[in-house]
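All remarks here apply to the structure that follows.
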């Protein structure tokens, strides 16, 4: 099975980080090919960054499916362009926020999400509402670090995440914590170990959900809203 | 990987039907062992039937995990005892309604559900609300046949399902249809073929979701709501 | 008028406590007969406890109605098996959580609920949502004591409740407080006196609501969802 | 026990009709004194009619409590001035729409409401949302007759109600029907008999709920939102 | 263009304050004529005050339209009698709470509201829900001052507002703040300057919205719910 | 005052049509300069079309503000890139769907929306939810015509709109109808005349709302979610 893992931003090291995480959990027989955004922002930190990353992402998804991809995972927690991607793709398209939220609703009654910058909090809250998890999500928190700092100041980011996960557990009675940025994925195991909390990374669960849907023989419905884009003269 | 597939009712032929469906989609290396309710109702057609099936189901889940099950799938679309099962289990527990609803939210913008008896419609509507899919689920429909008739009058059930799926597509603009009873699972492919609609069966997607969560290394959070039942003197 | 007061757990002293509360408010002419769960958990502290108490409760409700009960009150704040009980019964069935929430919505604009253990908080939050009171219920709080401690360490429980009611008033601007456990019912008057807050006990209001519905000549609708369980061969 | 039954409009025959209904279900020992609006509209058929009826109603409630009323029932299905009435009163105040909706949520999973004029439908829908019953209320219907026609053309109104209740049962799968106008209350038993549907009248259940809350020793919370109106210089 | 600015309470100095604010932002060609409640409460601080102010307000709106008013602004943040006013009026009717909430949803993702007395908080929360802004409104706060104190102790009120706006920004991550009382309108600019926060005053945006709707050639729909009150014999 | 009217698609004739509508309602002193998408889809008929139009739109908004635009109106009913545009802009940004929905909530209790293609219905439903109008919007309907057909087969489109508006009035009891495509704006008056229904066009009300917010001295909050995009190295 071939899965396209697309990082919509243009920072290749983030793609590699996500790919390492993905490969660690991929089933035997799953081949993951990762793509990085071309001429897109170096990180997705707001609505404009999202918007600027989507056209290239759609092209890459089409190219990926032409090359044999059976499912697509969008490796950015804002789930940029998710509806558009599902329209463009034939196979299932997983957003890592939606995948993580769905997993958290199965594994816990109440969870919190921890993202990077404060400005991303309302955007993620809106996704939580859209994915039907408002009752289950206690709070969207942040560590107030820019995305790329996760790579340049990893230890500091880790310490802040440990502290914030602990606050989610103690103040929110969160039973699980979702990591709200693709760039945090390689810390998942260490964060779980450091805090004792069930920590859910979107890349991990999205890759597995992609395998699951392909394995189930299911593809994106092409009736109505997710029909392929209309071809115009 | 070992997955427990538990049919909470006491009709072994339904368990076998569900097991055949499950095995058809199981990944290599997944071993599914199926269990049938003991002294539970022959079918789950209402809240009392649900309630009478849960205590035995909880015992079977505990026994199943003791025997090595890493995840559990409850093969009844009412998701009976889902919260209790998650409390009793260490591994992930999938309800086929929740699993199907989550898949439908990924593969389509709008879907409908088709169940057996009218009396089950409000119960499933409440599950849809609880799973956060009220905006996505157009309508819960039924074919007005008792559950066991799916086995005894299969052709009639099939014809009614084809007609109702078509109504969901035409009247609800449903882009996908979820089958609202475990006993319908073996008809999935034929229904898709007959109607051209994306048809989602809960057993299929729950088995795959179970594999996905186990593969992701995730287990039910034992903090707070899903902590193991308190032991009392 | 005959009302069945069923305590789904198997601790007779809790039944007696609830019965004393019920009799204190019963109208002249109301006869309350109380029943205790047989072979059910000694307290309901989680979803499994709930599930294990329901089958016996359903049998007792049927027996109670055969003996002349015109309405049933379930004396556990988790409202275990409420839908199933309404299916099994001909008369009205009151859950003490729903009854208390409905009373609180009449007597105040904003209220909080105080239960025993933290693990019960999400379960009660879900009931609040289901009963349509999310806008009215400020917060579900707990005193972090096991249920049976209400009997063994009554003074400590009382002091914790006084403190928590005060917090609900001061931090939540709660205008009324609902006691979130049947075992607290005999403290209601003292708590009101100690705090000056309107304190609502579910047993009290459920008994009165049962009298009200019987007095109104109303019974559970047997059309569709609450029809008697289907009889199977 | 003394209960004030206030008809906010100025049509005395409607008050008498409501009073007859109320007395038929009142408990022994309950004394109901009815009041009619003074210089208010002859019927409440819209938001302005509501608004014009409230100031007099508030004065009558204060007078009624001064005369010994322990609870108040507002006999108009729009629940005009309900929040203001609760502010003005010390005892519990029941709106017949809220009381009927709460009873319907106990006695059925899904119900519909049938009112008089089309213009009242959105107003009642908003009450249903406010009372937390959006998931339970299938539809607000109307028979397209002015309120006073219920008295002048009773047979025609009855026939239209029978037809509309049947539609609610057949098209909405309504398990119970709430009568959406105080002026329909005397037809309740006949409508039940004619249709076989559980028909709920707001005056009946509001009177019984008033008795219940007084019997429970509960009064309107005077903390915060329902505190008595501020006295100003 | 003529706009009626109606202050439903009977304090003329509040009307003048509101009028000064309105005239400061009115477009050239807009003529605003202000009216003060006659025999209504001196301030609106609760549901009864609201109710007592509406009948006169409806009469003034009718008179105002007869005198040429093309739109109406109700200068009280509780939006008293808004539905009734729309029924009575032919032109658009703006409530300052709804207008401010709609503006805040355009200018920010998350905002908080600051009102005067604690008792007004739940009322405003209910308006927020009704106007569809529950996801956008972080919190309704108050400074715990009676309305008229805004005029008699202006500096104290100002200081309390500065402090509370700062708390909204810091604790709620509010991106804008809505002033929750008409009597605060003249402080808007100074509050913005003192805090650096986008502060939205309802009178300002309601006047501009009134101009906008009249300029668009739109009037209140007279179909169904907002049809003119029925004339009765 | 200068307002930027941006048509995100690349069909200049649609821009001109929108501009004519805008100028017809603009206040004296308002100068509207219209821009057409460059290298964007010829029409916006789905999520991909939206996504492909946003990057150019953001650039044009920045350029427009640099040229003196004080507010921006996005002339496409899907409100593509609305959050990103607000991030990019300093002045208020109006989406014509949100503006129309807000106006409809002021002018009516219940409205319906009529768009072009069936595939756009779920997208608009999601906007309705996001703008808090689910209770107010009866139904999103469509005439099943591609967007550009509004220009090439105007009479046919008009006839279909008349028929669908009539259905909204009769079947939905819609009190107002919102036109769900920028390309319908010039038909507004004729549709109102032909049907007698209050018809709301998004361009009209968005232009007026833009004037209103600029006139109020309000700009987009730059705190948190709508802060300008982060500048990266």
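Here are some notes:
- 7 Å along Cα→Cβ, label-point gaps from residue B:159 to other copies, nm, shortest first: 4.0, 4.0, 7.4, 7.5, 8.4
- Principal-axis analysis of the Cα atoms of chain E puts helix E:120-130 at an angle of about 60° to the longest axis.
- Evaluated over the Cα positions of the range F:1-84, the convex hull gives a direction-averaged projected area, one quarter of its surface, of 5.0 nm².
- Kirkwood radius, chain B, all distinct C-alpha pairs, inverse of mean reciprocal distance: 17.5 Å.
- Here the translational diffusion coefficient of the range B:1-48 follows from Stokes-Einstein with Rh set to the Kirkwood radius across Cα pairs; for 37 °C and 0.692 mPa s it amounts to 289 µm²/s.
- Note on the range A:97-202: percent of Cα-Cα distances in each 5 Å bin, starting at 0 and stopping at the bin with the largest distance, equals 2, 15, 27, 28, 19, 8, 1, 0.
- Relative protection proxy for C:194-201, F:201-208, D:206-213, from highest mean packing down: F:201-208, D:206-213, C:194-201 (other beta-carbon atoms within 10 angstrom).
- The rotation axis taking chain F to chain C passes closest to the C-beta of one chain F residue; that residue and the distance in whole Å read F:135, 7.
- Per residue of chain C, the DSSP helices (runs of n ≥ 4 H) give a summed -39500 (n - 2.57) that works out to -14500 deg cm²/dmol at 222 nm.
- The mean number of partner chain beta-carbon atoms within 10 angstrom of a residue's beta-carbon across peptide B:18-28 is 2.
- 0 to 90° range, to nearest 10: angle between helix A:12-25 axis and chain A longest Cα axis: 90
- Here the relative contact order of chain D, from alpha carbon pairs under 8 Å that lie six or more residues apart, stands at 24 percent.
- Other copies of residue C:24: label-to-label distances in nm, shortest first, labels 7 Å along the beta-carbon direction: 3.7, 5.8, 5.8, 6.1, 7.2
- Nearest 10 degrees, 0 to 90: helix D:154-171 Cα axis against chain D principal axis: 70
- Derived from the Cα gyration tensor, the three semi-axes of the equivalent ellipsoid of the protein assembly as shown are 43, 43, 30 Å, largest first.
- With viscosity 0.692 mPa s and temperature 37 °C, the Kirkwood radius over alpha carbon pairs of the range E:146-212 converts through Stokes-Einstein to a diffusion coefficient of 266 µm²/s.
- 12 Å reach of a label modelled at residue A:31, 7 Å along Cα-to-Cβ, counting backbone N of the range A:66-85: A:67-70
- Ranked for footprinting exposure by Cβ neighbours inside 10 Å, fewest first, C:162, B:140, B:93 give C:162, B:140, B:93.
- Per residue of peptide B:83-91, the mean number of Cβ atoms on other chains within 10 Å of the residue Cβ is 4.
- Note on the range F:40-57 and the range C:80-110: Cα centroid distance 51 Å, given to the nearest whole angstrom.
- For the range C:119-232, the relative contact order is 17 percent, taking Cα pairs closer than 8 Å that sit 6 or more residues apart in sequence and dividing their mean separation by the residue count.
- The range D:126-171: radius of gyration and largest Cα-Cα distance (Dmax), Å: 13.0, 35
- Mean sequence separation of contacting Cα pairs (under 8 Å, at least six apart), scaled by the length of the range F:72-169, corresponds to a relative contact order of 24 percent.
- Inter-copy label distances for residue A:171: 1.2, 1.2, 5.0, 5.0, 5.2 nm (label point placed 7 Å from Cα along Cα→Cβ; shortest first).
- Sites residue D:190 and residue B:63, calculated FRET efficiency, Cβ-Cβ separation with R0 56 Å, nearest 0.05: 0.50
FYI, it's all coordinate maths here, none of it is from the lab. Just so it is clear, the structure is predicted and the values come from calculations on it, not from any experiment. Virtual Cβ from ideal backbone geometry, glycine too; neighbours counted across all protein chains shown.
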